Amino acid sequence: MKIRNLALILLACAALVSCGASKKAVKPVSTYVQPGYELLNAKNTLRAWAVGVSDSEMTAKKKAMTDASSQLAMILQKTVTTTVEQYCVSLSESEAAKSKKFFNEKIAIVSKAVLQGAVPIFDEWEAKGADGMYRNYIVLELSKDKFINKLIEEMDKTDVKIDEKLLNELFLKAINSDR
C-alpha cells in the first residue's frame, strides 16, 4: 500500500514538473498609439479618428475621410438621441410625443448639413511601409456650437419653442458622458 501511494505521489510530481517545464517566459507587450488618436478626448467637441490604407495616396486619404465621417455621424446620432430623450423627459407627456417627432425631423436635416462642415484637425501620412501601402491618419472635429446653433436656427423657422439653455446643457452632458 505504501509503495502504491509513493508511486502515485511520484507520478503526480513528475506530471507537475513536466507541465512547468513547457511554460515559456511571457514577453511584455509593447503598445503602439496610432498617430492622432490622443486627440479624441477633447471636451465639448465631437471627434472621430480613422486610418485609410491603400497603395495609392489619394485612395488612402479618401478611405480615411469616409471612415472618419461615418464614425462622426454615428457619434452624433448617439449623442443627439440621448439629448432628445433627456429633453423630452423634462416635458409633459403630450408635449414630449409631439416634440420628439418634431426634433427627429429637424435633427435629420441639421445633422446632414453640420456633418458636411466637419473640420479635419489632424491629417498625417505614413509613407509606403514594408507592405507597400500608404497610411493616412485623420481626426475630424465637429463643434457642439455648430450643431446647436444650426438646430436652433432650424427651430426658429417654426412655431415650436424650445428651451435653448436646457438643450445646450443636455447636449454637452451627452457629449462628455462617454469620456
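Things worth noting here:
- Relative contact order, percent, the range 35-80 [alpha-carbon distance under 8 Å, six or more residues apart]: 33 percent
- Extension gain for GLU164 to VAL89 (0.36 nm times residue separation, less C-alpha to C-alpha distance): 25.5 nm.
- Chain lengthening between LYS98 and LEU40 when straightened (0.36 nm per residue, less Cα-Cα): 17.4 nm
- Phi to ³J(HN,Hα) by Karplus 6.51 cos²θ - 1.76 cosθ + 1.60 over the range 138-150, Hz, x for Gly, Pro: 9, 10, 9, 10, 10, 6, 5, 5, 4, 5, 4, 4, 5
Values in this text are rule-based calculations from the coordinates and carry no lab data. None of these values were measured; they are calculated from a predicted model.
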